[in-house]
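Enquirer: I have a structure here, written as structure tokens, and I will follow up with some questions on it.
The numbers here are math on the coordinates, done by the rules we state, and not lab data. All figures in this text were calculated on a predicted structure; none of them were measured in a lab. Cβ atoms come from the backbone with ideal geometry, glycine included; neighbour counts cover every protein chain shown.
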Ligand SMILES: C[S@@+](CC[C@H](N)C(=O)[O-])C[C@H]1O[C@@H](n2cnc3c(N)ncnc32)[C@H](O)[C@@H]1O
């Protein structure tokens, strides 16, 4: 079975400690459950298997824009490789904000513009948004999150100038757009 990339787990662990509740929206096979055990809840719009050998493992079946989750009950919302698929990005951000506790964190791991263009070319369509890291940051900011920042798929936090250079490099060579925001 596939595994969540280490950088995703490492970034989540920068904000998590045992007992803090994680909600993954668009969880699919819920690969993060093995890292976070009982602190983890996965929601997905469907629970059907992707295929015979790839199951979904869903705790709550619901849409990202109508979460069946209590207000102010979650410490960290994670959306990995799924945000671009949601029907309403604005409503799913509003729902994420609603379920987070005050000062709770939102972590979105999405594909950057370069990657999304390559994927869609391979698949022969242009259905999904192709956002830069900065576009995604602005979207999160404009939907009520504070301290919104871009993160990189690497372990070490880098000092500011170096980070700007790495973000630029990531836009043209990298894969991910990673945004963190606070309620
Ligand atoms: C590419 S999979 C990613 C699964 C998992 N996050 C991972 O990285 O392994 C995207 C998932 O998002 C789910 N999804 C798509 N639209 C959704 C929506 N509106 N609300 C909730 N989940 C949705 C899909 O059913 C699918 O399981």
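Enquirer: In nm², what is the average projected area of the convex hull enclosing the Cα atoms of the chain?
Expert: In nm², the orientation-averaged hull projection of the chain is 10.4.
Enquirer: Let me ask something else. Computed FRET efficiency, Cβ-Cβ of residue 172 and residue 47, R0 41 Å: what is it to the nearest 0.05? Present the calculation step by step, with values, prior to reporting the outcome.
Expert: Values: r = 38 Å, r/R0 = 0.92.
Taking R0 as 41 Å, the efficiency between residue 172 and residue 47 is 0.60.
Enquirer: Under a point spin-label approximation (7 Å from Cα along Cα-to-Cβ), what is the residue 88-residue 149 distance to one decimal in nm?
Expert: My value for the distance between the label points is 3.1 nm.
Enquirer: A follow-up question, please. Where the convex hull is taken over the Cα atoms of the range 77-124, what is its projected area averaged over directions, in nm²? Walk me through the numbers before you get to the answer.
Expert: Details: hull surface 14.9 nm².
Average of the hull's projected areas for the range 77-124 equals 3.7 nm².
Enquirer: Once Rh for the range 47-151 is found with the Kirkwood sum over Cα pairs, what is the Stokes-Einstein diffusion coefficient at 10 °C and 1.306 mPa s, in µm²/s? Numbers along the way, then the final one.
Expert: Working: Rh = 15.1 Å.
Stokes-Einstein gives a translational diffusion coefficient of 105 µm²/s.
Enquirer: Also: Beyond 21 Å, what share of the Cα-Cα pairs of the range 1-93 remains, rounded to the nearest whole percent? Provide the component values of the computation, followed by the final result.
Expert: Working: 1220 of 4278 pairs.
Every Cα pair in the range 1-93 considered, those over 21 Å come to 29 percent.
Enquirer: Using the beta-carbon distance between residue 57 and residue 123 and R0 = 25 Å, what value does 1/(1 + (r/R0)^6) give for FRET efficiency, to the nearest 0.05?
Expert: Numbers: r = 25 Å, r/R0 = 1.00.
After rounding to 0.05, the efficiency reads 0.50.
Enquirer: Report, in deg cm²/dmol and to the nearest 500, the calculated mean residue ellipticity at 222 nm for the chain, where each DSSP H run with n ≥ 4 adds -39500 (n - 2.57) and the sum is divided by the residue count.
Expert: Working: 6 runs with 59 residues, N = 183.
When only DSSP H runs of four or more count, the value is -9500 deg cm²/dmol.
Enquirer: Moving on to the next point. Fewest first, what order do 95, 24, 123, 154 take by the number of other Cβ atoms within 10 Å?
Expert: Numbers: 95 21, 24 26, 123 10, 154 13.
Fewest to most other Cβ atoms nearby, the residues stand as 123, 154, 95, 24.
Enquirer: Next up: How much length would be gained if the chain were fully extended between residue 135 and residue 162, taking 0.36 nm per residue of separation minus their Cα-Cα distance, in nm to one decimal?
Expert: Working: separation 27, 0.36 × 27 = 9.72 nm, distance 2.05 nm.
So the extension gain works out to 7.7 nm.
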